[in-house]
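First comes the structure, then the notes that go with it.
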């Protein structure tokens, strides 16, 4: 019953890829490189305290009557930040649809390394929960939707599963676009030769992160391990696991993957994942943990790449997943396009 209701956001406008972008890699690259133009808004910069001594920075775009509107919290993926193209694109459409939008930088992202001595990783769903609690408790915003992209999708789904029946009434639902449901399978998939350039980009970004943390917190970080980094798995073994209190990379993957938490989700959830995603394997989407939860609706087009979904349509319909997210917010809130 529930799945049929929320499936409306999928069937109203099925994904039709741009005719020149029918492959997973071409879609993924186009998602980053496609030129976009957004109206400049005076976003509010805000710090959220997520635990003692740790803050994360957000860009907030408020409607004039913010307490009467749905608030969308957006979380980016690995190596991204609050100003990634897909974050700005989703913000544009959701704000135009009448929602407040809070774009989070995960720990250390967007030039915020000085705000925390720690690293960030895919299991830090507590940060997202802390931001939501502050918006609900302090700001008195009583209608919240959470959406995450890639790694951020893992965080959103994991958070909702951890909350289970105890999710606050203000949490109307969540959306995950190209989520990393199984961290170990994703790390293995990145090691395929066809993903060499993506892997190299991620590793370079992570190396630079550790170098910056070393300058800020010289006693906490040993940069000698950087010379051994060739893969994301290497980074997780040498840095993520010990700094995150995990035994090793496999322990980190097992405890931080969202897939085991999906059966416990008790709020309406939409997962969008292309079958040709070159970075995050599609196979976990077929697991019973996903299909047997009636609170979870999935959209799994044949094409779309990773956090891309560049459509044959123009203007507002160009980025299909971002449009689905805005429509999902409208559906949950009962709002109409303003």
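Return the residues of the stretch 26-50 that are in contact with a helix residue (DSSP H, G or I) (Cβ under 7 Å, 6 or more places away or on another chain) and in a strand (DSSP E or B); say none if nothing qualifies.
48, 50
A quick yes/no check of all residues on (1) touching a residue at least 40 places away in the same chain (Cβ under 8 Å); (2) under 13 Å from residue 273 (Cβ atoms):
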position: 151; (1), (2): yes, no
position: 168; (1), (2): no, no
position: 172; (1), (2): yes, no
position: 180; (1), (2): yes, yes
position: 184; (1), (2): yes, no
position: 187; (1), (2): yes, no
position: 192; (1), (2): no, no
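Just for the stretch 274-303: of the residues that are within 30 Å of residue 30 (Cβ to Cβ) and touching a strand residue (DSSP E or B) at 6+ places or on another chain (Cβ under 7 Å), which one is surrounded by the fewest Cβ atoms within 10 Å (Cβ to Cβ)?
Restricting to residues being within 30 Å of residue 30 (Cβ to Cβ) and touching a strand residue (DSSP E or B) at 6+ places or on another chain (Cβ under 7 Å), the top hit is 298.
It is to be established whether one or more residues within the stretch 308-329 are part of a helix (DSSP H, G or I) and free of Cβ contacts under 8 Å to residues at least 24 places away in the same chain.
So in the stretch 308-329, the residues part of a helix (DSSP H, G or I) come out as 315-317, 320-329.
If we keep only those that are free of Cβ contacts under 8 Å to residues at least 24 places away in the same chain as well, we get 315.
Yes, because at least one residue in the stretch 308-329 is part of a helix (DSSP H, G or I) and free of Cβ contacts under 8 Å to residues at least 24 places away in the same chain.
Taking the condition in a helix (DSSP H, G or I), under 23 Å from residue 232 (Cβ atoms), assigned by TED's automatic domain parsing to the domain that holds residue 325 and within 15 Å of the chain's Cα centre (by Cα), does residue 128 pass?
Here the answer is yes, as residue 128 does meet what is asked.
Say whether the condition of being buried (at least 16 other Cβ atoms within 10 Å of the Cβ), at pLDDT below 95, touching a helix residue (DSSP H, G or I) at 6+ places or on another chain (Cβ under 9 Å) and part of a helix (DSSP H, G or I) is met by at least one residue in the stretch 96-112.
No - not one qualifying residue is present in the stretch 96-112.
Mind counting the residues in the stretch 221-253 that are under 23 Å from the mean Cα position of the chain (by Cα), crowded, with 16+ Cβ neighbours inside 10 Å and not in a loop (DSSP other than H, G, I, E, B)?
14
Kindly list, by first and then second residue, each pair from a residue in the stretch 99-117 that is on the phi > 0 side of the Ramachandran plot to a residue that is surrounded by fewer than 22 Cβ atoms within 10 Å (Cβ to Cβ) and in a strand (DSSP E or B), limited to pairs with Cβ atoms under 7 Å and residues at least 6 apart or on different chains.
110/57
The values are calculated or read from the model by the stated rules, or taken from the named source; none is laboratory data. Because the structure is predicted, anything quoted here is derived from the model rather than measured. Note that we place each Cβ from the backbone using ideal geometry, even for glycine, and neighbour counts take in every protein chain shown.
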